[in-house]
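See structure below.
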Ligand SMILES: Cc1cc2nc3c(=O)[nH]c(=O)nc-3n(C[C@H](O)[C@H](O)[C@H](O)COP(=O)(O)OP(=O)(O)OC[C@H]3O[C@@H](n4cnc5c(N)ncnc54)[C@H](O)[C@@H]3O)c2cc1C
């Protein structure tokens, strides 16, 4: 079996989610003939290719038309490499990048796709996949009928790949810039610069919900605790819908799925759609004025109290320690 992992990177290094996708791919290797390769796409990506080559052999698609991750071009390039390299499985971390690009490549390939996979195991020669459905209320076991198989995996569900020991080979693949689609023009990236880590990559996430009443309060209370712990900030959808927090902070069924070592929920009720994005966190702390809030059912530590009183005290204590 040939497994091709699509790299997600920041222009310099692989993103942590990609390392877990590689870890998942490596766990599928059973025979000496099985092989895992990592496909790196972009322009001037030698650093990324070298980073990926610490783990597995790399196919490097480097060309000016791949400078930005524009879905139509990336999808076509990925599909071409899957065909020419005769990959059986195309695998990637489940992320907005994959939702946009890998699923489009799946459409071009006409294979069978499963997204958001949380476990993979063999049943004889068949791959049996597990994925959550209905906001995590049900775990489905599925078989894909079709070739190639396209799978995106939840980074929180797999261990990152181990390094190979010695640098693996990097093989350039042809990029026919003029033949790639040109239907989408990259205009600009609007990204709020933040000194905090990405919510999907942080070891500690401090999240706020409707109990936090303004953007300033969110920054002072939720952001204040996060900064003391060098953590990321997250948000319930209620605050995103109210325009208090940006969309990229939303945790939950229609937001990001996180599983940090510590998740602190302030003023979040614990709706099932929010739990779907954080209930696998190692330690959950809830601060809520309502002792009957459902968040306490999943919390390891619960504090019935007003976030406006608790957070400043927490910040003072953390500064003092
Ligand atoms: C299809 C669909 C998808 C959805 N996807 C998501 C998603 O991805 N993520 C998500 O979060 N939601 C999602 N939702 C919305 C979800 O159902 C809830 O409405 C939302 O999570 C509620 O956010 P909240 O907990 O901040 O607000 P609320 O449910 O209003 O809870 C606020 C909590 O704050 C407490 N509180 C109030 N004041 C204070 C204070 N001063 N100190 C401490 N506690 C206080 C209250 O007791 C209450 O428990 C989705 C809904 C649908 C239908």
Tell me the residue from 72, 31 that is within 27 Å of residue 191 (Cα to Cα) and in the same structural domain as residue 175 (by TED's automatic domain parsing), please. 72
Go through (1) within 22 Å of residue 26 (Cβ to Cβ); (2) in contact (Cβ under 8 Å) with a residue 60 or more places away in the chain; (3) surrounded by fewer than 20 Cβ atoms within 10 Å (Cβ to Cβ); (4) under 16 Å from the mean Cα position of the chain (by Cα) and name the single condition residue 158 misses. (3)
Determine whether region 15-31 contains at least one residue that is touching a residue at least 60 places away in the same chain (Cβ under 8 Å), in contact with a strand residue (DSSP E or B) (Cβ under 8 Å, 6 or more places away or on another chain) and more than 15 Å from residue 91 (Cα to Cα). yes
Among the candidates 295, 264, residue that is crowded, with 22+ Cβ neighbours inside 10 Å, within 13 Å of residue 207 (Cα to Cα) and over 23 Å from the mean Cα position of the chain (by Cα): 295
As an exercise: evaluate residue 77 against (1) touching a residue at least 60 places away in the same chain (Cβ under 8 Å); (2) more than 27 Å from residue 252 (Cβ to Cβ); (3) assigned to a strand (DSSP E or B) and give the number of the one condition it does not meet. (3)
So, residue 199, is that one surrounded by 15 or more Cβ atoms within 10 Å (Cβ to Cβ), modelled with pLDDT of 95 or more and either assigned to a helix (DSSP H, G or I) or touching a strand residue (DSSP E or B) at 6+ places or on another chain (Cβ under 8 Å) (or both) or not? no
Give all pairs with beta carbons closer than 6 Å in which a residue from region 261-272 that is under 13 Å from residue 299 (Cβ atoms) and more than 7 Å from the ligand (Cβ to nearest atom) meets a residue that is modelled with pLDDT of 95 or more and assigned to a loop (DSSP other than H, G, I, E, B); count only pairs at least 6 apart in sequence or on separate chains. 263/278
Name the residue that is nearest to the ligand (Cβ to nearest atom), counting only residues in region 234-243 that are surrounded by 24 or more Cβ atoms within 10 Å (Cβ to Cβ) and free of Cβ contacts under 8 Å to residues at least 40 places away in the same chain. 236
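The values are calculated or read from the model by the stated rules, or taken from the named source; none is laboratory data. Keep in mind it's a predicted model, so treat the numbers as computed, not measured. Glycine also receives a Cβ, built like all others from the backbone with ideal geometry; neighbour counts cover every protein chain displayed.
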